[in-house]
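These notes are about the structure you will find just below.
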Amino acid sequence: MSTSYFKFRQEELPVVGDILLQSFKRDRKQFKGFSEDYNDEYAKSVKAQIEKVQDLILAPRLTAEISKITEDLYANMEEIMPKLDLVGAYAQRANKSLRVRSSDFGVKECKKELRKKNVEGFSIKATMVLQNVENNYEALEAKGYKKELGTAIEKLAKKIYDLNLKQENKTSERKQLVVENHVELDKLWNMLTDISKLGKLLMRKDKAKAEDYMLTNVLTKVRKVPTKSVNQKKVTPPVAAQTPTAEAKKKEEEPQVEKA
């Protein structure tokens, strides 16, 4: 990625855009005086790109969702373990009456896949365990096995499978968004740096207005504003404000590369 975002985080760029766009609209006369390129359509295109980036920046939220899904997945894996142990215990007690040896019931292999967090492998082994339970139900029931145990295992196994599938889908979605984000963020960043550089040039005789276009100053504003941008669309909460140093202001003309 060729574009650098200075010290801004991805989720802060839409707020940066709103602030710079406000300054641009305030000083529209000077911009149009410089070039007719900076017309109403230009302002609309910047606004549209800001909103597009806002909608695209979902990776942090997806990461949180994936984390929650993984937490639920592992919790269900832990919950099913003792139930499988019970099946194994019943199989051992009914060993002489089973159609297969209790050691071939599949419980050990099923638990092994769970410990490896291999859901695909677990699903295959769990199906085998449940099939063996069904084929040897009377022998197991005679030793105290209850149908409710098999039902619970079947439900948990399906939940584990579904959670794993959901996790994979969310992970794939996050990877795709990362790729898309770079393209759209680059586009927005180019717009913002254009406004910033030209705004400083056009407002050079008005120090206060010129400073409104300095990225270091905008950075400070971004980290002090509420968690919603000017158009009231929700964005990720900014971190605590950090005051830029004089050296940072000098470097503002040539932003440092910061991969989000």
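The values are calculated or read from the model by the stated rules, or taken from the named source; none is laboratory data. Computed from a predicted model, the values in this text were never measured in an experiment. Cβ sites come from the backbone with ideal geometry, for glycine too, and all protein chains shown count toward neighbours. To get the accessible areas, we keep the full protein, side chains included, count just its heavy atoms, and leave off ligands, DNA and RNA. Shrake-Rupley method; radii C 1.70, N 1.55, O 1.52, S 1.80 Å.
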For the stretch 66-175: Kirkwood Rh in Å [reciprocal of mean 1/r, alpha carbons]
14.4 Å
One checks the Cα atoms of the stretch 119-167 and finds Rg and Dmax, in Å, of 12.2, 40
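With the contact rule set at Cα under 8 Å and sequence spacing of 6 or more, what percent relative contact order holds for the stretch 1-122? It would help to have the intermediate numbers written out before the result.
Values: 46 pairs, mean separation 20.7, N = 122.
For the stretch 1-122, the relative contact order is 17 percent.
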For the stretch 11-138, how big is the tail of P(r) above 19 Å, as a whole percent of Cα pairs?
67 percent
Put 128, 77, 191 in order of accessible area, largest first, 1.4 Å probe: what do you get?
128, 191, 77
With the 8 Å Cα cutoff and a minimum separation of six or more residues, the stretch 92-177 has a relative contact order in percent of 29 percent
Reachable aspartates and glutamates from residue 108, criterion Cα separation under 15 angstrom, eight or more residues apart if same chain:
78, 85
Output ³J(HN,Hα) for the stretch 127-144: one whole-Hz value per residue in order, computed from phi by the Karplus curve 6.51 cos²θ - 1.76 cosθ + 1.60 with θ = phi - 60°, and x for Gly and Pro.
4, 5, 4, 5, 5, 5, 4, 5, 5, 10, 4, 4, 5, 5, 4, 5, 9, x
Check: the stretch 1-150 dipole with +1 on Lys, Arg Cβ and -1 on Asp, Glu Cβ, in debye:
520 debye
Can you give the accessible area of residue 23 in Å² (nearest 10), computed on protein heavy atoms with a 1.4 Å probe?
10 Å²
Percent breakdown of C-alpha pair distances by 10 Å bin, ordered from the shortest bin, for the stretch 110-205
13, 24, 18, 12, 10, 9, 8, 5, 2, 0
Two-decimal log10 I(q)/I(0) for the stretch 158-211, as the Debye equation yields it once each C-alpha is a single scatterer, q = 0.17, 0.25, 0.28 Å⁻¹:
-0.67, -0.88, -0.96
Modelled label-to-label distance, residue 95 and residue 36, 7 Å Cα→beta-carbon offset: nm?
9.3 nm
